[in-house]
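Read the structure below first, then the notes.
The values are calculated or read from the model by the stated rules, or taken from the named source; none is laboratory data. Everything numeric in this text was worked out from a predicted model, so none of it was measured. All Cβ positions, even for glycine, are placed from backbone atoms using ideal geometry, and neighbour counts span all protein chains on display.
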Amino acid sequence: MHYSKISSEFKIEFFKLIENSQNILITSHISPDEDAIASVLSMYEILSNKYTAKNIRIAISSEPQDRLKIFKHYEKIEFVNDISNHLTDTDLLIMLDGSQHARFSKNETFGEQISKVKTITIDHHASPVDEFTLSLIVPELSSNAELIYLSVCEKENVTPELAEIFMLGILADTGNFNYLKKNQTGTLTSAKELMDIGDIQIEEFQSQYRHTSKREFMIIRELVKNTTFGFVSSWPAFQYSFVTPEFAKDYTEMEISSAKAIYQGQYLRRIEEHPWGFVVTPRDGSSRISARSMNKSVNVRALFEKMNIGGGHDRASGGEFKDMRVEEAIEKIKGWMRENKEEVS
């Protein structure tokens, strides 16, 4: 059953599935960002308070992100090699901040595996939707944390700790409100409600979990050093950077992910006359690509979906070239651009 709008009907179906399940597993996508972590933590808080007799777990295919340990229930997250190996006895799998099975597991049989259990997804990406028992996909919402807040949360039950979790996701996916579109001003209303409940001062709040280690700074320096500016006929000028496997071997996946996020936030699509770009990093013999773009520039979601390597948001998307080195991945993207029409919107 699929819903594209927040409604009482979805909420009824959602809690009906919860009530008919005993062993519930909550997860989010591989290499979760702050909105993904906020999504699983807020969902756990909502369900564990409402259903104290149920067995509710959180597991994600990822390394730990200890800078987020200040948030309630973080210690309950099982960071595992792959979620597909941790589904034993699961009655209901809740998959948050993603609507494609491949975003949650590297196991190619994962989709077939979870067809044997009930599944729910709540997501705010505009990518194609895989099969779920119940789905709520609202791309108009700026963050998945806000979507959970509006769709399944009883506002009168929001504690200061839960308000902080929701704000973690909202601030992350809106870039501290910098990325809000004119049809997303409702997010400001949600943020005000949560800031009042949690007595949240944004700068002070974020200083508790947003900091850069010296090791992450070394990765940022490498990304700046490797920055290149490119142009392919008919496409807007772009910027890209990368780290090689030889460089990356001395750092953890989460250190690279955190450094990449800072580089993207500070430099990608912000260089004059280069309104979009991407970063390529190695992982397990493959190459991960993250892209960002300005409005009326390249639709990076459509680009990655047509290349069949990933998806996400129109202005922020991610993908992967399996079994391909970083240098090859960069040339693959540029080669595709030379042979195909620009994806501008």
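At least 3 residues that are surrounded by fewer than 23 Cβ atoms within 10 Å (Cβ to Cβ) and touching a strand residue (DSSP E or B) at 6+ places or on another chain (Cβ under 7 Å) in each: list the strands (runs of 3 or more DSSP E) lying fully within the stretch 86-142 that qualify.
Those strands (runs of 3 or more DSSP E) span 134-137.
In the stretch 66-85, what count of residues is obtained for those that are over 30 Å from Glu156 (Cα atoms), in a loop (DSSP other than H, G, I, E, B) and of a type outside the set (D, E, K, R)?
Qualifying residue count, the stretch 66-85: 1.
Return the residues of the stretch 63-79 that are of a type in the set (A, V, I, L, M, F, W, C) and either touching a residue at least 40 places away in the same chain (Cβ under 8 Å) or surrounded by 15 or more Cβ atoms within 10 Å (Cβ to Cβ) (or both); say none if nothing qualifies.
Leu68, Ile70, Phe71, Ile77
Check the stretch 180-203 and report whether any residue there is under 27 Å from Ser293 (Cβ atoms), charged (D, E, K, R), outside any loop (DSSP other than H, G, I, E, B) and at pLDDT below 95.
yes
Any residue at all in the stretch 277-292 that's in the same structural domain as Ala302 (by TED's automatic domain parsing), of a type in the set (Phe, Trp, Tyr) and more than 15 Å from Glu320 (Cα to Cα)?
no
For the stretch 143-161, what are the residues that are within 23 Å of Asp33 (Cβ to Cβ) and in a loop (DSSP other than H, G, I, E, B)?
Correct list: Ser143, Val152, Cys153, Val158.
Of all residues being among the charged types (D, E, K, R) and within 20 Å of Ser61 (Cα to Cα) in the stretch 269-302, which is surrounded by the fewest Cβ atoms within 10 Å (Cβ to Cβ)? Just the residue, please.
Asp284
Counting just the residues of the stretch 148-168 that are surrounded by 20 or more Cβ atoms within 10 Å (Cβ to Cβ) and β-branched (Val, Ile, Thr), which one comes out farthest from Gln201 (Cα to Cα)?
Val152
Condition first: without any contact (Cβ under 8 Å) to a residue 12 or more places away in the chain and within 26 Å of the chain's Cα centre (by Cα). Now tell me which residues in the stretch 221-239 satisfy that.
Passing the criteria: only Arg221.
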